[in-house]
Amino acid sequence: MTPRTTGNIVIADDVEANRQLLWGLLTREGYTVHMASDGVAALDLVARQMPDVVITDVMMPEMDGFELCRRIKNNPATRLTPVVLVTSLAERNDRIAGINAGADDFLTKPFDPHELRARVRSLVSLKRYTDDLDSADSVILSLGLIVEARDGTTGGHCQRMAAFAAAFGAHLALPPEDIAALHRGGYLHDVGKVGVPDAILTKPGRLTPDEFEIMKRHTVIGDALCGDLRLLRGVRPIVRHHHERCDGSGYPDGLKDHDIPLLAQITGIVDVYDALTSDRPYRKALTQEAALKELLEEARRGWRRADLVDEFAGICADGHLKRLGDHTAPGAPFRPAAAPSLR
Ligand SMILES: [Fe+2]
């Protein structure tokens, strides 16, 4: 009977006998095994095969196991691939260097076949789990784009929002998890519009007060849609509160000043900026200067934090947003996976 393929493994070792030993143990378990005799060849195999686990020796020609591990962990496309370093029992310093290089686990020579099987099995399961999370992330972000597509006037809005908000967060030196939430929030802030009827969402003229009340519900609907998904915990405040105003005149909860979550305030500023600098059926896009003037006026009116608007004007002034906008213009490829560290 052909053994069931249970995972894809890359082995890097310059000693032929070691490679053959690992190959024998793992193929017997049903794994597909790819082998390289140095770090450079292994890195190339990792890029082509996208393995579930990499098992690497430490001392190898061209590139050693630490450097191989570091490169795998520094590449956004492979950073979640588990790396196992093979060391000998006495090499305590190798283990410390391995931990610093980002290794996920260690195997000691001589191999204990039971230990090898157990560790590889557990790491393959871990990789499957993170792959599922990555797929879920793409599906969720795509939902934002689908909602955007219903409203034909906002081409590229989600992608620009994600790029601008993440850049603004980085400028404010926010922690990586907040920057990741801002990026996701760029796609998802208006996801609740899925619950707003087409007749209101795409109405060319002004909304009546009743229609506007329905439109306002997109914040609450979006918040409920995000539900208790752990992945979206940081995004929910953005989805619910991006239309709040510092003087309490916003919606849905009429929050004031610092009660409005910071990430929602950032998203609100970027949302207005992108809306003003984009063409609409009823007006041409405003220049960056005119859009900033409007944001400063909103700050003066008490709707937005003046310090945040000033910081935003700073990153506009150095051309950073303009360059980002050029990369996220309508028709630019959709790459949610290029998000900054997503978890
Ligand atoms: Fe909105």
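The values are calculated or read from the model by the stated rules, or taken from the named source; none is laboratory data. What you see is a predicted model, and the numbers here were worked out from it, not measured in a lab. Neighbour counts run over all protein chains shown; Cβ positions are idealised from the backbone, glycine included. Surface areas here come from the heavy atoms of the whole protein model, side chains and all, with no ligands, DNA or RNA. Shrake-Rupley method; radii C 1.70, N 1.55, O 1.52, S 1.80 Å.
One table, with the values for the structure above:
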{"item": "Candidate set: the range 150-195, residues that are at pLDDT 90 or above and not in a helix (DSSP H, G or I); chosen: the one most open to solvent (accessible area, probe 1.4 Å)", "result": "ALA173"}
{"item": "ASP257 over 28 Å from the mean Cα position of the chain (by Cα) and closer than 25 Å to LEU292 by Cβ", "result": "yes"}
{"item": "Selection within the range 95-114 - farther than 24 Å from ASP134 by Cβ and either buried (at least 21 other Cβ atoms within 10 Å of the Cβ) or of a type in the set (Phe, Trp, Tyr) (or both)", "result": "GLY98, PHE106, PHE111"}
{"item": "Filter pass, ILE214 being modelled with pLDDT of 90 or more and within 16 Å of the ligand (Cβ to nearest atom)", "result": "yes"}
{"item": "Close pairs (8 angstrom Cβ cut-off, 6 or more residues apart or separate chains): free of Cβ contacts under 8 Å to residues at least 12 places away in the same chain and assigned to a helix (DSSP H, G or I) in the range 197-220, open to solvent by less than 50 Å² (accessible area, probe 1.4 Å) and within 16 Å of the ligand (Cβ to nearest atom) anywhere", "result": "GLU211/ILE200"}
{"item": "Top-ranked residue in the range 61-90 [being among the acidic types (Asp, Glu) and surrounded by fewer than 18 Cβ atoms within 10 Å (Cβ to Cβ); ranked as nearest to ARG19 (Cα to Cα)]", "result": "GLU62"}
{"item": "Residues located in the range 237-259, provided they are buried (at least 23 other Cβ atoms within 10 Å of the Cβ) and more than 14 Å from the ligand (Cβ to nearest atom)", "result": "CYS246"}
{"item": "So VAL54, is it closer than 14 Å to LEU116 by Cα and in contact (Cβ under 8 Å) with a residue 24 or more places away in the chain", "result": "yes"}
{"item": "Out of LEU143, LEU229, sole residue that is hydrophobic (A, V, I, L, M, F, W, C), at pLDDT below 90 and surrounded by fewer than 14 Cβ atoms within 10 Å (Cβ to Cβ)", "result": "LEU229"}
{"item": "Matching residues in the range 33-66 - criterion: being outside any loop (DSSP other than H, G, I, E, B), touching a helix residue (DSSP H, G or I) at 6+ places or on another chain (Cβ under 6 Å) and of a type in the set (Asp, Glu)", "result": "ASP57"}
{"item": "Failed item, numbered, when LEU123 is tested on (1) crowded, with 23+ Cβ neighbours inside 10 Å; (2) in contact with a strand residue (DSSP E or B) (Cβ under 7 Å, 6 or more places away or on another chain)", "result": "(1)"}
{"item": "Selection within the range 168-210 - under 18 Å from ASP151 (Cβ atoms), more than 16 Å from the ligand (Cβ to nearest atom) and acidic (Asp, Glu)", "result": "ASP198"}
